[in-house]
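Q: The structure's right below; bear with me while I get my questions together.
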Amino acid sequence: MAYELPALPYAMDALEPFISKETIEFHYGKHHATYVNNLNKQVPGSRFENASLETIVKEAEGSIFNNGAQVWNHSFYWNCLKPEGGGEPEGKLKEAIDREFGSFGQFREMFSQAATSLFGSGWVWLVCDRAGKLSIVQEQNAGNPLRKGLMPLLTCDVWEHAYYIDKRNRRPAYVEDFWKVVNWKAVEAYYLNRVA
């Protein structure tokens, strides 16, 4: 089974001025594509030859895990963003965030702190457990909360390739702009699917 680079859900320049077309060209067109290509070279002959990406994320180790998880993580990340996004969540997701973190403002501050303080490369996630309880999780490198039985709802990629073209070493500036393109409808759909 060959893994494919999923189509971006918007044009490469659609997140400007917050994330540039050039960043998307490199991040999606080079980095994400390379993880897909590497995975397709590594799985033949392994026990993951016909496995889903989710199975690879949950069970694989080493290079197959690293490339498979990065394919999954990036595909999820692109869907967490949208042109003219941002603002605040609504409905049951908003209620859950207020209940768990005190307010959306406090959640945003905690998530931003987790994103800016993660040492090295990795991902920051809003997740929920089987009971619907929300939490913020830092994962280094290709880490994914599915391995801990948690359901990803939102992620921010804090590998340098996510922001270095636009922001150089100013990760906090990237995180600030990330909030302006979050696709809260998608995040809410993930949450409702988990708690339904």
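Just so it is clear, none of the values below were taken in a lab; they were calculated from the coordinates. Just so it is clear, the model here is predicted, and its values are computed rather than measured. Because the Cβ atoms are built from the backbone with ideal geometry, glycine has one as well, and the counts that use them run over all protein chains shown.
Q: Restricting attention to the alpha-carbon atoms of region 91-195, what are Rg (one decimal) and Dmax (integer), both in Å?
A: Cα only, region 91-195: 13.5, 40 Å (Rg, Dmax).
Q: In addition: Any chance you could run the full-extension gain for Y164 through N37? It's 0.36 nm times the residue separation minus the Cα-Cα distance, nm to one decimal.
A: 43.4 nm
Q: Setting aside same-chain residues fewer than 8 positions from K92, which lysines have a Cα under 20 Å from its Cα?
A: The reachable lysines, counting only those whose Cα sits under 20 Å from K92, are K133, K185.
Q: Something else now. So what's Rg/Rh here for the chain, counting alpha carbon atoms and using the Kirkwood radius for Rh?
A: A ratio of 0.95.
Q: When the chain is modelled as a GNM with alpha-carbon springs shorter than 10 Å, which of K41, K185, K94 fluctuates the most?
A: K41
Q: Counting only helical runs of four or more DSSP H residues, what would the 222 nm mean residue ellipticity of the chain come to if each run contributes -39,500 (n - 2.57) and the total is spread over all its residues?
A: -13500 deg cm²/dmol
Q: So how do 66-72, 78-84, 135-141 stack up, highest first, on mean other-Cβ count within 10 Å?
A: 66-72, 78-84, 135-141
Q: May I ask you to derive the FRET efficiency for V195 and E84 from their Cβ-Cβ distance with R0 = 22 Å, giving the value to the nearest 0.05?
A: So the FRET efficiency works out to roughly 0.25.
Q: Something else about it: Can you list the lysines whose alpha carbon is less than 16 Å from that of K58, not counting same-chain residues fewer than 8 positions off?
A: K148
Q: Of A51, A115, A162, which has the largest mean-square fluctuation in a 10 Å C-alpha GNM of the chain?
A: Highest fluctuation among the options: A51.
Q: OK, next. To one decimal place, what Kirkwood hydrodynamic radius in Å is obtained for region 21-79 from all pairs of distinct Cα atoms?
A: 11.6 Å
Q: Restricting to Cα pairs below 8 Å that are 6+ residues apart, what does the relative contact order work out to for the chain? Please round to a whole percent.
A: It comes to 25 percent, rounded to a whole number.
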